[in-house]
Amino acid sequence: MQNLTKQIIIALILGIIVGLGMNLFLPDLFGPVDTYVFSPIGDIFLRLIQMMVVPIVFVSIVLGTAGLGDPKKLGRIGGKTIGFFLLSTTVALTIAMSLALLVKPGTPGLLDSVEIEEEYQAEETPSVVETLVNIVPTNPIDAMTNGEMLQIIFFSIFIGFALAVLSKKTDKIYHLFEQAFDLVMYLIKIIMYMAPLGAFALIASAVGGVGLEAIQSMFAYFLVVLAALLIHAVITYGSVIKFLAKKSPIWFIKNFAQAISVAFGTASSSATLPVSMTTAQKRLGVRESVSGFVQPVGATINMDGTAIMQGVATVFIAQVYAQSLSLTEMLTVVLIAVLASIGTAGVPGVGLIMLAMVLEQVGLPVEAIGLILGVDRLLDMARTAVNITGDAACALYINETEPDLDEEDDRPSLNSNA
């Protein structure tokens with residue numbers, strides 16, 4: 001496990017060097033190499049790991065919910081989990097907007113010196129009411145086919161709740177889910193042997209496609225977002241781990257590094273979910289019932305990194321257009337971004353869709369998103385790493401503060417003798 005982590009980190013470093021080197025010195029060669037080598041390898045790795053997302057979310061949440069046993073425990077853990085994610089997202093937005101207002105990365109003359117790469121077309125986003133109604137699937141199989149994560153989570157909790165209530169009457173079904181979980185974990189272990197190569201290809205493609213020019217033009221914005229991500233990860237999550245979970249933040253990072261590196265390479269919370277769950281259980285000691293419930297929910301509703309990008313980008317774009325945001329408008333940004341994070345798919349680039357909705361609500365031009373498109377792929381990697389770190393921090397916090405979760409679960413486990 002530790003060797004694989006080192007291999008992935010080395011692959012990421014090599015990918016940055018190769019991608020940037022080809023962009024600077026072999027730009028004509030980069031296109032064909034990216035088309036026929038980097039992109040196919042990266043896409044195959046992503047598809048392999050995404051293939052396992054729906055199975056592991058469904059199986060793990062069913063087991064996690066059933067493992068909690070008492071419905072009162074489920075309600076308590078569910079409330080703590082959602083409350084944690086909503087509060088941490090609010091804190092993330094506050095840090096991001098405060099830092100952007102302090103540093104002022106956008107200047108009114110920036111539009112004259114930076115060419116907007118392309119006009120961004122805003123996609124229509126569902127209202128909060130529609131999101132809540134759509135949580136309940138009319139066809140669970142169709143939800144799984146289309147990757148509707150909130151619907152899958154709802155159906156999984158529903159099944160897990162029934163297994164918990166029926167207890168020994170459904171032992172055979174419960175054990176079938178345990179066996180399915182073992183099977184999925186084994187398949188993920190096989191896929192992870194390709195992780196270093198996949199990480200190398202993905203980062204080389206991203207860095208080579210962006211290049212130094214785009215980074216330099218958006219340097220101030222780029223640095224502010226990275227700084228806000230770092231502050232949130234170190235201070236907010238570090239405090240949770242240190243003071244609530246009573247663990248060492250350094251120990252946490254050291255043991256969770258593999259999942260963080262995969263998240264950075266894939267830029268997808270959902271795609272990283274199988275790895276982050278395995279790492280949390282095996283390396284951080286989080287119980288399967290806790291990890292299986294908290295982390296899939298977090299991959300769907302916890303978007304702290306994305307919220308940080310939205311907060312900085314909104315202030316940045318307002319500064320570029322010489323528009324000042326009132327206190328009411330800034331509070332509106334916080335509220336909308338927090339609500340929008342619920343039900344947003346954990347896939348690359350989804351933050352731009354959420355940002356379009358935020359800009360529309362405060363009267364800023366949506367096409368200004370084109371200003372940040374050049375560096376968004378690199379920032380997407382960083383904020384995904386923050387997102388899955390927050391999921392694991394929440395799982396660890398609940399694991400350490402709810403020591404009696406499994407006490408009343410008298411259902412025998414197939415893994416009890418492992």
Of the residues Ile241, Ile260, Ile253, which single one is β-branched (Val, Ile, Thr) and without any contact (Cβ under 8 Å) to a residue 12 or more places away in the chain? Ile253
If you go through region 245-259 one residue at a time, how many are in contact with a Leu (Cβ under 8 Å, 6 or more places away or on another chain) and not aliphatic (A, V, I, L, M)? 5
Is it true that Ser248 is small (Gly, Ala, Ser), in contact with a helix residue (DSSP H, G or I) (Cβ under 8 Å, 6 or more places away or on another chain) and crowded, with 24+ Cβ neighbours inside 10 Å? no
Hey, among the residues in region 190-201 that are surrounded by 14 or more Cβ atoms within 10 Å (Cβ to Cβ) and not small (Gly, Ala, Ser), which one's modelled with the lowest pLDDT? Met192
Every listed condition ((1) at pLDDT 90 or above; (2) surrounded by 24 or more Cβ atoms within 10 Å (Cβ to Cβ)) holds for Met303 save (1)
Might you check whether a residue that is crowded, with 24+ Cβ neighbours inside 10 Å, over 20 Å from Met51 (Cα atoms), of a type in the set (Gly, Ala, Ser) and modelled with pLDDT under 95 occurs anywhere in region 264-279? no
For region 315-330, check the following and say yes or no: at least one residue is closer than 17 Å to Ala382 by Cβ, in contact with a Gly (Cβ under 7 Å, 6 or more places away or on another chain), surrounded by 21 or more Cβ atoms within 10 Å (Cβ to Cβ) and modelled with pLDDT of 70 or more. yes
Considering region 331-344, residues that are buried (at least 18 other Cβ atoms within 10 Å of the Cβ) and over 16 Å from Met97 (Cα atoms), and then whichever is modelled with the lowest pLDDT, we arrive at Gly343
Exactly one of Lys73, Lys104 is of a type in the set (D, E, K, R) and modelled with pLDDT of 80 or more, and that one is Lys104
Qualifying residue in region 31-45 (condition: touching a residue at least 24 places away in the same chain (Cβ under 8 Å) and under 30 Å from Arg287 (Cβ atoms)): yes
2 or more residues of a type in the set (Gly, Ala, Ser): qualifying helices (runs of 4 or more DSSP H) within region 1-79: 2-25, 39-51, 53-68
Complete set of residues in region 372-385 that are in contact with a Ser or Thr (Cβ under 9 Å, 6 or more places away or on another chain) and of a type in the set (A, V, I, L, M, F, W, C): Val375, Met381, Ala385
Subset of region 172-222, residues of a type in the set (D, E, K, R) and within 29 Å of Val37 (Cβ to Cβ), comes to Lys189, Glu213
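The values are calculated or read from the model by the stated rules, or taken from the named source; none is laboratory data. What you see is a predicted model, and the numbers here were worked out from it, not measured in a lab. Here Cβ is always computed from backbone atoms with ideal geometry, including for glycine, and neighbour counts include all displayed protein chains.
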